[in-house]
Amino acid sequence: MKNIKIIILSLLMAVALPVMAMNLQQAMDALDGAKAQGLVGEKPDGYLGVVSNTNNSADIARLINEARRAEYEKVAKDNKISLPDVEAVAGKKAIEKTQSNYYIQVDGKWVKK
């Protein structure tokens, strides 16, 4: 009986954990708020960085960065250019488009634009 309870509990946890985890759509929905709160910011390499590791900021950055990398790889392949070149252009554009008072990374340091 004890083994059955452990198995059932393990199965419930296995089902519940993916539900509790943030998905890409949730990260995208939370991105502007995270930027406004100063939790994440844009980096020159085209990816988000964690300014303050609170709430879900690391998850938001990780999920968005995974999606960005996949898109950058596709652009690089389709245009026969290097991934670092795509990342640099994307980073420049993202920083240019960043709103005032949101964080950007300059020379490795977080500053408000």
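Conditions (1) within 22 Å of residue 109 (Cα to Cα); (2) touching a residue at least 12 places away in the same chain (Cβ under 8 Å); (3) not polar (S, T, N, Q), marked per residue:
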| position | (1), (2), (3) |
| --- | --- |
| 47 | yes, yes, yes |
| 58 | yes, no, yes |
| 61 | yes, yes, yes |
| 72 | no, yes, yes |
| 78 | no, no, yes |
| 89 | yes, yes, yes |
| 92 | yes, yes, yes |
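Could you tell me whether residue 41 is surrounded by 13 or more Cβ atoms within 10 Å (Cβ to Cβ) and in contact with a Leu (Cβ under 9 Å, 6 or more places away or on another chain)? Judged against the criteria, residue 41 is a match.
Candidates are the residues of segment 25-57 that are modelled with pLDDT of 95 or more and among the β-branched types (Val, Ile, Thr); the one that is farthest from the chain's Cα centre (by Cα) is 51.
Table: residues versus (1) in contact with a helix residue (DSSP H, G or I) (Cβ under 8 Å, 6 or more places away or on another chain); (2) assigned to a helix (DSSP H, G or I); (3) more than 19 Å from residue 31 (Cβ to Cβ); (4) modelled with pLDDT of 95 or more.
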| position | (1), (2), (3), (4) |
| --- | --- |
| 72 | yes, yes, no, yes |
| 76 | yes, yes, yes, yes |
| 85 | yes, yes, yes, yes |
| 93 | no, yes, no, yes |
| 111 | no, no, yes, yes |
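When the criteria are applied in full, residue 60 fails the requirement of being surrounded by 19 or more Cβ atoms within 10 Å (Cβ to Cβ), within 20 Å of residue 89 (Cβ to Cβ) and modelled with pLDDT of 95 or more.
Tallying residues that are of a type in the set (Asp, Glu) and touching an Asp or Glu at 6+ places or on another chain (Cβ under 6 Å) within segment 34-91 yields 2.
Cβ-Cβ contacts under 8 Å between residues 6 or more apart (or on different chains), taken from a first residue in segment 96-113 that is closer than 15 Å to residue 34 by Cβ to a second residue that is aliphatic (A, V, I, L, M) and assigned to a loop (DSSP other than H, G, I, E, B), are listed as 103/51; 110/51.
The values are calculated or read from the model by the stated rules, or taken from the named source; none is laboratory data. Every value quoted in this text rests on a predicted model; they were computed, and no experiment measured them. All Cβ positions, even for glycine, are placed from backbone atoms using ideal geometry, and neighbour counts span all protein chains on display.
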